[in-house]
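Every number in this text was worked out from the coordinates using simple rules, so none of it is lab data. Just so it is clear, the model here is predicted, and its values are computed rather than measured. In this analysis, Cβ positions are derived from the backbone assuming ideal geometry, glycine residues included, and neighbour counts consider all displayed protein chains.
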Amino acid sequence: MAAKGKTTTGGQQLLHLVFGGELTKLDKVEFQDLKKLDIIGIYPNYALAYDAWKDAAQRTVDDAHMRYFIVHLHRLLDPEHPTGAEG
């Protein structure tokens, strides 16, 4: 069993960043103020990132301009590495 924060797939961590902020328009991914971005955290797998994303998104559900995103950091760090079904 992997230690907390050490979750891997095929021996490699698949890092994911969860962040969000207030958008300028609902149909565009452009933030009102980059200094006010809400960085939730970096997670070792998609499942943990999704849980954090869902929690953040639910806290701001009444504000249509607030959006949270999951960024697949592992794809940016190693774009040639296959990620499997996890994404």
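Tell me which GluC sites (Glu not before Pro) from region 17-87 have a DSSP coil assignment and no more than 13 other beta carbons within 10 Å of their own.
Qualifying residues, ordered by number: E30, E80, E86.
Quick check for me: using +1 on Lys/Arg Cβ and -1 on Asp/Glu Cβ, what's the dipole size of region 20-77 about its Cα centre, in debye to the nearest 20?
Numbers: 8 positive and 9 negative charges, 39 e Å.
The calculated dipole for region 20-77 is roughly 180 debye.
Please compute, over every Cα-Cα pair in region 20-77, the percentage with a separation greater than 16 angstrom.
47 percent
In sequence order, what are the phi-derived ³J(HN,Hα) couplings for region 18-25 according to the Karplus relation 6.51 cos²θ - 1.76 cosθ + 1.60 with θ = phi - 60°, rounded to whole Hz, with x for glycine and proline?
Values, residue by residue: 10, 8, x, x, 8, 7, 6, 9 Hz.
Lys/Arg Cβ at +1, Asp/Glu Cβ at -1, dipole of region 20-77 taken about the Cα centre: which of V61, Y43, H74 is farthest positive-ward?
The Cα lying farthest towards the positive end belongs to H74.
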